[in-house]
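Worksheet: the structure to be examined is printed underneath.
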Amino acid sequence: MSTIPSRPSHRKRQMFVYLIAGLFLCDFVLCGYLPSQQRLVSLRQARAQQKSLIGMAAAQSAELPGLERRLRGMEKAVEGFDRRVPADRALGAFLLQITGIMADCRLREQLVLPRDGVKTEHLHCIPVHVACKGTLADMFQFFARVQSLERLVRIEKVVLENDTDLTGQVSLQMEAVIFEQSGKQQETEAISAVGANHDA
């Protein structure tokens, strides 16, 4: 008598289908959905970072023309600084220049007297006392000429007094300050000393 293999029951087949469906579902969640979600989150973060970078770049590009203008202005100021504040001690030339301007402006009783200066690491400040007499128009002409000098001159104190006879003559007492670059002067002296040593 032959035995016929029995078919799995309906319930077992149903459980087998559920098990396979569960495995497919787990595979979809673990291998498909979760990595996709992580990639989506990282893409959103990257997009947000790119947006903020683009916003920052746009803001900086809007500031760029102003920064370029400021840079050009600073370059012009630095370019003229070496002329307006020389590195060498040109005090004698400056004193002759001031007395020459006073003579051109017909100012009398001239006195140009340098005083002890203040020295810092990079800058020397040399006060100069100036006194003279002349008409008010001549004084204004003198100040205009001093203001147009290439060398930087800072006027700190001005005293104008009318003469007692009211003849239109005015006496001037003025305190001015001129400047020198001290660091460059020392560098120049060191370079010239090295050159002299090489020549010897």
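In table form, for the structure just shown:
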| quantity | calculated |
| --- | --- |
| Which numbered condition V29 misses (of (1) at pLDDT below 80; (2) within 55 Å of the chain's Cα centre (by Cα)) | (2) |
| Matching option when the condition is modelled with pLDDT under 80, surrounded by 12 or more Cβ atoms within 10 Å (Cβ to Cβ) and not hydroxyl-bearing (S, T, Y), among R84, R106 | R84 |
| Members of the stretch 110-125 that are surrounded by 13 or more Cβ atoms within 10 Å (Cβ to Cβ), aliphatic (A, V, I, L, M) and either modelled with pLDDT under 85 or assigned to a loop (DSSP other than H, G, I, E, B) (or both) | L123 |
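Each row is one residue, and each column tells you yes or no for (1) at pLDDT below 80; (2) surrounded by 10 or more Cβ atoms within 10 Å (Cβ to Cβ); (3) more than 30 Å from L152 (Cα to Cα); (4) among the charged types (D, E, K, R).
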{"residue": "I4", "(1), (2), (3), (4)": "yes, no, yes, no"}
{"residue": "Q14", "(1), (2), (3), (4)": "no, yes, yes, no"}
{"residue": "L23", "(1), (2), (3), (4)": "no, yes, yes, no"}
{"residue": "L34", "(1), (2), (3), (4)": "yes, yes, yes, no"}
{"residue": "Q37", "(1), (2), (3), (4)": "no, yes, yes, no"}
{"residue": "V41", "(1), (2), (3), (4)": "no, yes, yes, no"}
{"residue": "R70", "(1), (2), (3), (4)": "no, yes, no, yes"}
{"residue": "M74", "(1), (2), (3), (4)": "yes, yes, no, no"}
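The values are calculated or read from the model by the stated rules, or taken from the named source; none is laboratory data. For clarity, every value in this text was computed on a predicted model and none was experimentally measured. Counting neighbours? That spans all protein chains shown, and the Cβs are built from the backbone with ideal geometry, glycine included.
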